[in-house]
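One structure below.
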Amino acid sequence: MTIRLVLLGRQGSGKGTQGARLATLYAIAHISTGEMLRNAIKHATPVGKAVKEIIDSGGLVNDELMASLVQGRLGESDARTHGYLLDGFPRTLPQALSLDDIARARPINIVVDLEVPRELVIERLSARRAAEHRADDSPEAVERRLALYDEQTAPLIAHYRKKGVLAVVDGVGTPDEVFARLTSAIVTATGITAPGGDGRTTR
Ligand code: AMP
């Protein structure tokens, strides 16, 4: 069995950092749609040019474009063979329905909701703005992104709970504490232990 995981959580919940660590541990593809789009902007591709303004203002790129980007990426051999962790997609109900279709043959086996209160993510994002100078970490863009998360993305929690694949993980704590909670949620939901994790073999 391979891991096909969706990581949900507010901007600034630690999704990016924890996602990268989990992907390394389980040797699965780390697919961050925000990262894909920022790369497209950096290389001034047609997609990059089309989405730059939307991203800088903290808006959401349209569902059709996102679904086709993700469909292409999930079709690549690393994701097909070894599994993947999706970070930043789906973000709307239409995207979640597209993903249900895209992944029909090899369904998502766990969706983790990494929970961090709003006040704490605002603190973390203003620290990141100082360090990384991201246009979309400006106070106005952060406000918009968090509002869109509550409106558009939070409803996905119910969608995945209904499907029986949801695990809620407390994202408050040190990075190591949160990481330990994540790996334990993954073993509970999928039966898959990290390679070398506790001596059990990976299925
Ligand atoms: P992230 O790094 O995941 O916070 O993504 C940065 C920005 O990229 C978001 O604020 C959106 O503008 C855009 N983006 C990333 N993923 C998606 C998605 N699944 N749907 C729409 N927009 C997205």
Any chance segment 7-15 includes a residue that's of a type in the set (A, V, I, L, M, F, W, C), out of contact with any Gly (no Cβ under 7 Å at 6 or more places or on another chain) and within 10 Å of the ligand (Cβ to nearest atom)?
-> no
Going through (1) surrounded by 15 or more Cβ atoms within 10 Å (Cβ to Cβ); (2) within 17 Å of ILE192 (Cβ to Cβ) one by one, PHE89 fails only at (2)
Would you pick out the residues in segment 68-126 that are without any contact (Cβ under 8 Å) to a residue 40 or more places away in the chain and among the aliphatic types (A, V, I, L, M)?
-> LEU69, VAL70, LEU97, ILE102, ALA105
Restricting attention to segment 43-63, and to residues there that are touching a residue at least 60 places away in the same chain (Cβ under 8 Å) and not in a loop (DSSP other than H, G, I, E, B), which single residue is surrounded by the fewest Cβ atoms within 10 Å (Cβ to Cβ)?
-> ASP56
ALA131, sole failed condition from (1) crowded, with 17+ Cβ neighbours inside 10 Å; (2) modelled with pLDDT under 95 | (1)
Do you know which of the residues in segment 78-94 that are within 17 Å of MET36 (Cβ to Cβ) and out of contact with any helix residue (DSSP H, G or I) (no Cβ under 6 Å at 6 or more places or on another chain) is farthest from the ligand (Cβ to nearest atom)?
-> ASP78
Out of LEU69, LEU22, sole residue that is within 19 Å of ASP113 (Cα to Cα), among the hydrophobic types (A, V, I, L, M, F, W, C), surrounded by 14 or more Cβ atoms within 10 Å (Cβ to Cβ) and modelled with pLDDT of 95 or more | LEU22
If we scan segment 95-105, do we find a residue that is among the small types (Gly, Ala, Ser), in a helix (DSSP H, G or I) and within 15 Å of the ligand (Cβ to nearest atom)?
-> yes
Just one of ALA180, ALA189, ALA130 is touching a residue at least 60 places away in the same chain (Cβ under 8 Å), of a type outside the set (Lys, Arg), farther than 16 Å from ARG10 by Cα and part of a helix (DSSP H, G or I); which is it?
-> ALA189
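The values are calculated or read from the model by the stated rules, or taken from the named source; none is laboratory data. Worth saying up front: this structure is predicted, and the values here are computed from it rather than measured. Neighbour counts run over all protein chains shown; Cβ positions are idealised from the backbone, glycine included.
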